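Asker: Structure below; questions to follow.
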Amino acid sequence: MIRFLILSGYFELMMYLQVSGRLDQYINVHYRYLIFLTMFLSLVLALVQLKIWAGSEKKGTHDPAHHDHAGHDHGLSKPYQRAIAYLLLALPLVVGTLFPTISLDTTIVEAKGFSFPISKESVGDPEMTTQYLKPDTSIYYNKSDYNDQMTKLMKKYETDQKLEVTDDNYLEVMELIYNYPNSFVGKTISFNGFVYETKKDTQTYDFLFRFGIIHCVADSGVFGLMTKLPPNISVKNNEWLHVEGTITLDFFEPFQRQIPSVAVTKATTIRAPKNQYVYRAF
Amino acid sequence: MFNFLPHSVLQMSTIFLSIVIEAIPFVLLGCIISGALQVFLTPERVQKILPNNKFLAIVVGSFLGFFFPSCECGIVPIITQFMRKGVPEHTAFAFMVTAPIINPIVLFSTYIAFGNSMKFALLRAVGSLLVALLIGSWLAYFKHAPILKKELHLHEETHEPETKKTFRSNSWSALTHGIDEFFDTGRYLIIGSLIASGMQVYLPTHFMLQLTSTKIVGILVMLILAFTMSLCSEADAFVGSSLLSLFGTNAIVAFLVFGPMVDIKNLLMMKRSFHTKFIIQLIALISVIVTIYAFVI
């Protein structure tokens, strides 16, 4: 019976996430078909298990865990092992339905660290670029495809003197700015993000970030720009801002290099958006 | 409900659930197919198509997994069964190390996990084939001590014969087997996801950074992680891709190749069937091959 409940639970959980629209808080909805696959398979298995359960009730003796294994050991022969397995497998159901859905914030930035140098040189591996700050999707494409795509995207923004960054083009624009910083210096930009403040010695650096999801929350990273806020504005971590300003290049001590930054002319505190994530479009 | 939990726990549970959501369809699919395999593929059939030449037999064993996928959780009992039926060791173990990797489901999930890119799927497949050829050769030409424990030879044929059953009843037992498989392997997925999400939230960066500072240390750390996390090969690509930014290509390839071959649950099952000395030799050999492979790519 427990097996039936868990299996059908997975079916229901997927349906619930889908219907309630909470799915985008966990994965890029581009991969929605994974949900349908799970729903289909768990439903089939749940029905099979239902029939086994019904059958064993009739016979009254047949334990579903002990049917013919044809010499196959599952390591679930002891009751406590079964109990642990059931508890573990029920855990995602509990988390999915009862836990509040929250968005990642600066806690993760601090833990996963963005303070981490881009270690291209130290490892001698061009792909050893951290996903932080610079949304490098190049590892996901082959080289020439990637360059083609970049140039194509570049054309889209090259001529604009004012960049309006929205939820939809956020990752795209950030990637371009980090790839071709010099083409963007001097342009004005407006975008939203949450504040992340980091200190190095006496210097304080403010960043405006958003979590970008490529596949799922587990592989998400923060993407955004360093900001130089006007002195009369004080901010704190996790506060959401809308900023307007000019793109410049500034030396960032912890990385030991120049990174794009925004000389902010106007900053307003905003409410956190309903969906805090931005997604990579494929 | 559960709002009282510390903020970091909630963040961890969010990451945890997202790993599970992405991995679970592949685990379900893998378990059902593994169930079908258990029922429809008999060692006799394998033996019929097996060539006599040792090297060819290794090659066949290596590619068998492509057509008869099964995940590493179910593989030890299968090859034990194979060997009881007289399938040579070099074929059986070549199958054991490649089957969880070069099967279409795992390659496909690897492809998806790394953003629709063939690169890691290919590196992974090539790595596992290399290990299979070397391990197979070692068993075929150098290793002569018995592998299978004696008592397992004794009750040979007790579970047999798998008499003529209808397709319907076979499919039924394939599905029920799939359910068993799900409850057995699913728990390792959950444990792995918990560890992975916990690491993301609680492991301080500078600690990881020290570990990833050189290529070889990164590879070794990932071998240990692959072993301790004991992820199912249908799901580990997703965890691997989330660690890519921390460890880099070489270490992640090591993780992807090594993980399905050696992990905690696998080891426990192997210990039941094989001599301990053999298991140690096998694991040492696999570790060395994988490390060298991951280092040079």
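Asker: Which links in A:274/B:215; B:119/B:215; A:162/B:119; B:149/B:215 stretch past 30 Å when you go from one Cα to the other?
Answerer: A:274/B:215; A:162/B:119; B:149/B:215
Asker: Further question: Estimate the FRET efficiency between residue A:166 and residue A:90 by the formula 1/(1 + (r/R0)^6), using the beta-carbon distance for r and 30 Å for R0, to the nearest 0.05.
Answerer: 0.15
Asker: Just grab the label-to-label distance for residue A:97 and residue A:16, each label 7 Å out from Cα along the Cβ direction, in nm (one decimal).
Answerer: 0.4
Asker: Sorted from fewest to most neighbouring beta carbons within 10 Å, what does the list B:26, B:227 look like?
Answerer: B:227, B:26
Asker: List the residues whose amide H sits under 5 Å from the amide H of residue A:225, counting only those 5 or more places along or on another chain, with H placed 1.01 Å from N in the peptide plane.
Answerer: A:208
Asker: To continue, here is another question. For segment A:164-176, what does the Karplus curve 6.51 cos²θ - 1.76 cosθ + 1.60, with θ = phi - 60°, yield as ³J(HN,Hα) per residue in whole Hz, taken in order and with x for Gly and Pro?
Answerer: Along segment A:164-176, the couplings run 9, 8, 10, 4, 6, 9, 3, 5, 4, 5, 4, 4, 5 Hz.
Asker: Next question. Pop the C-beta distance of residue B:66 and residue B:45 into the FRET formula with R0 = 22 Å and round what comes out to the nearest 0.05.
Answerer: Step by step, r from the Cβ atoms, then E = 0.85.
Asker: Test of understanding: ordering A:14, B:83 by Cβ neighbours within 10 Å, fewest first, what list do you get?
Answerer: The most exposed by this proxy come first: B:83, A:14.
Asker: Also, quick follow-up: Residue-wise, which Karplus ³J(HN,Hα) couplings in Hz belong to segment A:28-35, taking 6.51 cos²θ - 1.76 cosθ + 1.60, θ = phi - 60°, and x for glycine or proline?
Answerer: Per-residue couplings from phi come out as 5, 5, 4, 9, 4, 4, 4, 5 Hz.
Asker: Using the 10 angstrom Cβ neighbour count as an exposure proxy, how do B:110, B:249, A:268 rank, fewest first?
Answerer: By the 10 Å Cβ count, ascending: A:268, B:249, B:110.
Asker: Grab the beta carbon distance between residue A:151 and residue B:118, set R0 = 25 Å, and tell me the FRET efficiency rounded to 0.05.
Answerer: Plugging the Cβ-Cβ distance into 1/(1 + (r/R0)^6) gives 0.65.
Asker: Using a 7 Å offset from the Cα along the Cα-to-Cβ direction at both residue B:108 and residue A:251, what is the distance between the two label points in nm, to one decimal?
Answerer: 5.4
Asker: Order the peptides A:96-107, B:10-21, A:206-217 from the highest to the lowest mean number of other Cβ atoms within 10 Å of their residues.
Answerer: Descending mean neighbour count gives B:10-21, A:206-217, A:96-107.
Asker: OK, next. What net charge do the residues around residue A:194 carry, taking every other residue with its C-beta under 9 Å from that of residue A:194, with Lys and Arg at +1 and Asp and Glu at -1?
Answerer: Net of charged neighbours comes to -1.
Readers should treat all values here as calculations from the given coordinates under stated rules, not as data from a laboratory. Just so you know, these numbers come straight off a predicted model, no measurement behind them. In this analysis, Cβ positions are derived from the backbone assuming ideal geometry, glycine residues included, and neighbour counts consider all displayed protein chains.
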